[in-house]
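Student: The following block contains the structure, expressed as structure tokens.
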């Protein structure tokens, strides 16, 4: 019989190696996309990201952020489950969306709220996310343009697209490059 302590050390060593060498797939952090989305997955990987197809299970929520060059770096958060799965305690993921990349974000908006375009991410909406999984799992961020910079796993050229009923995809909801100069 194998010593349980040794098995744990082997498991955590392999897990650490997975974090180091699994630059694109991050299969231990985000479930793989359905086969029908493999071409999108390849494109997302080429852009430095990880593809995650999901269904929205919470309405968008606004979260304040710090100011950078006079622009608030606020976020919108939604919870999702992997596409085609029923919600359970073990498969809920957070999505953090940088509002400055929303197509209709306006720095002069009179009150703090979710940008109008992101309010379309309603409960039951199927979406395709290209971004960076949280380092400890449980979610994804950097689901926006990288402003034409070099595409890397640390700074992917991400996106959020709605999967329409007919299977086609919307344009990215987070490709606004108006505020790229603040970074």
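Student: Restricted to Cα positions, what overall size does the range 78-183 have along the principal axes? Three whole-Å values, descending.
Tutor: Answer, in whole Å and largest first: 40, 30, 28 Å.
Student: Taking a quarter of the surface of the convex hull around the Cα atoms of the range 49-104, what do you get in nm²?
Tutor: Taking the Cα atoms of the range 49-104, their convex hull projects to 5.1 nm² on average.
Student: To continue, here is another question. When 51, 37, 73 are ordered from fewest to most other Cβ atoms inside 10 Å of their Cβ, what list results?
Tutor: In order of increasing Cβ crowding within 10 Å: 73, 37, 51.
Student: Quick one: if you stick a label point 7 Å off each Cα along the C-beta vector at residue 103 and residue 63, how many nm between them?
Tutor: For the pair residue 103/residue 63, the computed spacing is 2.5 nm.
Student: Then there's this: Neighbour counts of other C-beta atoms within 10 Å: give me 50, 55, 76, 152 arranged from fewest to most.
Tutor: On the way: 50 27, 55 18, 76 23, 152 14.
In increasing order of surrounding Cβ atoms, one gets 152, 55, 76, 50.
Student: If you rank 92, 30 by fewest surrounding Cβ atoms within 10 Å, what's the result?
Tutor: 92, 30
Student: Compute the distance in nm between two label points, each set 7 Å from the Cα along the Cα-to-Cβ direction, one at residue 112 and one at residue 96.
Tutor: Taking the simple label geometry, residue 112 and residue 96 are separated by 1.6 nm.
Student: Can you give the relative contact order of the range 29-182 as a percent, counting alpha carbon pairs under 8 Å and 6+ residues apart?
Tutor: Result for the range 29-182 is 26 percent.
No lab work stands behind these numbers, since they all come straight from the coordinates. Computed from a predicted structure; not experimentally measured. Every residue, glycine as well, gets a Cβ built from its backbone with ideal geometry; the counts of neighbours run over all protein chains shown.
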